[in-house]
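The values are calculated or read from the model by the stated rules, or taken from the named source; none is laboratory data. In this text, all values refer to a predicted model and were calculated from it rather than measured experimentally. Neighbour counts are summed over all protein chains in view; Cβ atoms, including those assigned to glycine, are modelled from backbone coordinates with ideal geometry. Surface accessibility is based on the protein's heavy atoms, side chains included, excluding ligands, DNA and RNA. Shrake-Rupley method; radii C 1.70, N 1.55, O 1.52, S 1.80 Å.
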Amino acid sequence: MAVTAAQVKELREKTGAGVMDAKKALVETDGNIEQAIELLREKGMAKAAKKADRVAAEGLTGVYVDGNVATVVEINSETDFVAKNAQFVELVKETAEIIAKNKPANNEEALALKTATGETLEAALVSATATIGEKISFRRFVLAEKTDDQVFGAYQHNGGRIGVVTVLEGGDEALAKSLAMHVAAMKPTVLSYTELDAQFVQDELAQMNHKIELDNESRAMVDKPALPFLKYGSKAQLTDEIIAQAEKDIKADLAAEGKPEKIWDKIIPGKMDRFMLDNTQVDQQYTLLAQVYIMDDSKTVASYLEGQAAKVVDFKRFEVGDGIEKGSNDFEAEVAATMAAALEK
């Protein structure tokens, strides 16, 4: 049976398949559109299976807000080039939307959700893998919820490689979005120092002191004074006794410098702020509230929000490929090997 251009066009519109793949499917099914769709689906699953072991560490995040529910999702591809593909971009957007609207409990439930075409999200990923030509995988999602009195801040950075949602109480959407921009840039992992594990703080402090040790070796070569090592790294380590001793030491230093006691009250708060800043560097790196706010570097996030009569309730942040170890047999290497083999023939 002769296959018409109109049939090929119809099949392509329904499946996203390439011209030649659509034509071959129609020829094999004697022009039956439905059978051709099923054939392409089966071939797509076979192609996807062949790509299953490939490492997909590129891709996009998707952010979607639906009333009092918001989500951040991550869908991966093998190359960042595919992240610009219109079909891939639309798949990411639709995934975020259906997850926000249906609130699945886990990835398994998410993959079973129906897309606008009536197929499951899992099937849509298989189809995308077949038509785009790279492994497309759904990695993760997270939900955020708020009350009617709270606001969301949604932000995507670097073309969608980073996706953030913040939940703010007492502020407006503009402030919530500004905070989301801060989260995107500064990469906090938790809200407060109370969420940091004690051993984690000790390990990070050891790494910071090791860096200082290396810096001091370089400074010694050019006769620069050595930097002091850090004794503490988190507010969790600063007991009332330690803080009281720090204030006592400051007073002793002021006395030794001959500063009159009547002005100590004006000097001590600033020096105590400096003490807290110097001894909470792990907090500043990993906890949102302790970080210097990028929109006003004279204040921490906590102090800035306090001045705005606002409070951050929660935040979610995904960065594409975060934590994925790229294998040596990635897609680019495979393409290079294929081209090299072709040139040898």
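Take the conditions (1) buried (at least 18 other Cβ atoms within 10 Å of the Cβ); (2) at pLDDT below 65; (3) closer than 19 Å to residue 322 by Cα; residue 57 misses just one of them, which is (2). Would you say residue 292 is within 29 Å of residue 181 (Cα to Cα), touching a Ser or Thr at 6+ places or on another chain (Cβ under 9 Å), without any contact (Cβ under 8 Å) to a residue 40 or more places away in the chain and not small (Gly, Ala, Ser)? Judged against the criteria, residue 292 is a match.
Looking at 147, 131, which one is touching a residue at least 60 places away in the same chain (Cβ under 8 Å) and assigned to a helix (DSSP H, G or I)?
Of 147, 131, the one residue that is touching a residue at least 60 places away in the same chain (Cβ under 8 Å) and assigned to a helix (DSSP H, G or I) is 131.
For first residues located in region 211-231 and at positive phi and in a helix (DSSP H, G or I), partners that are charged (D, E, K, R) and open to solvent by 90 Å² or more (accessible area, probe 1.4 Å) and lie 6+ apart or on another chain with Cβ distances below 6 Å do not occur. Residues in region 103-128 that are within 21 Å of residue 320 (Cα to Cα), open to solvent by less than 80 Å² (accessible area, probe 1.4 Å) and in a helix (DSSP H, G or I): 107, 110, 111, 121, 124, 125, 126, 128.
Could you please find all residues in region 214-238 being within 18 Å of residue 272 (Cβ to Cβ) and surrounded by 11 or more Cβ atoms within 10 Å (Cβ to Cβ)? Hits for region 214-238 are 230, 231, 232, 233, 234, 235, 236, 237, 238. Applying the criterion of being outside any helix (DSSP H, G or I) and either among the hydroxyl-bearing types (Ser, Thr, Tyr) or open to solvent by less than 70 Å² (accessible area, probe 1.4 Å) (or both) to the residues of region 1-16, the residue that is modelled with the lowest pLDDT is 16. Within region 88-102, being closer than 19 Å to residue 69 by Cα and either surrounded by 14 or more Cβ atoms within 10 Å (Cβ to Cβ) or at pLDDT below 95 (or both) holds for 92, 93, 94, 95, 96, 97, 98, 99, 100, 102. Just one of the listed residues (311, 259, 231) is of a type in the set (Lys, Arg) and modelled with pLDDT of 95 or more, namely 311. Under the condition of being part of a strand (DSSP E or B) and aliphatic (A, V, I, L, M), which residue from region 296-322 is surrounded by the most Cβ atoms within 10 Å (Cβ to Cβ)? That would be 312. Out of all the residues in region 247-255, is one or more of a type outside the set (Asp, Glu), open to solvent by less than 50 Å² (accessible area, probe 1.4 Å), touching a residue at least 24 places away in the same chain (Cβ under 8 Å) and not in a loop (DSSP other than H, G, I, E, B)? For region 247-255, residues of a type outside the set (Asp, Glu), open to solvent by less than 50 Å² (accessible area, probe 1.4 Å), touching a residue at least 24 places away in the same chain (Cβ under 8 Å) and not in a loop (DSSP other than H, G, I, E, B): present.
In region 129-157, of all residues being of a type in the set (Val, Ile, Thr) and at pLDDT 95 or above, the one that is surrounded by the most Cβ atoms within 10 Å (Cβ to Cβ) corresponds to 151.
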